[in-house]
Amino acid sequence: MKLVIRQDLACSSCGSHHVVKSGKSAGRQKYLCRDCGKYFLADASYHHHSRKLREEALRLYANGMNMRAIARTLSVPLGTVFTWIKR
Ligand SMILES: [Zn+2]
């Protein structure tokens with residue numbers, strides 16, 4: 001198995017980026033989280049996770065929190081928060 005650590009891919013259960021590719025399921029890439037041991041599918045879980053985080057980031061920003069604090073609060077890279085807010 002190939003170890004993958006990607007900032008744009010997070011475990012749907014614990015949010016960890018410490019995941020490995022683990023074959024395919026119904027044509028979609030399946031991943032295994034090395035931190036919590038759960039399997040998840042890349043597209044469905046990741047996008048769901050990402051959209052919720054993005055909404056939360058925008059809400060915090062609207063409430064006056066700065067980007068660095070948002071990144072720390074949501075455990076996402078500062079660059080990602082910046083992209084969400086500037087989009
Ligand atoms: Zn996990």
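Miscellaneous remarks
- Qualifying residues in region 55-78 (those that are at pLDDT 90 or above and among the polar types (S, T, N, Q)) - the one most open to solvent (accessible area, probe 1.4 Å): N63
- Residues that are assigned to a loop (DSSP other than H, G, I, E, B), on the phi > 0 side of the Ramachandran plot and at pLDDT 80 or above within region 1-26 comprise just one, G15.
The values are calculated or read from the model by the stated rules, or taken from the named source; none is laboratory data. Predicted model only: the values in this text are computed from it and were never measured. With ligands, DNA and RNA removed, areas are computed over all heavy atoms of the protein, side chains included. Shrake-Rupley method; radii C 1.70, N 1.55, O 1.52, S 1.80 Å.
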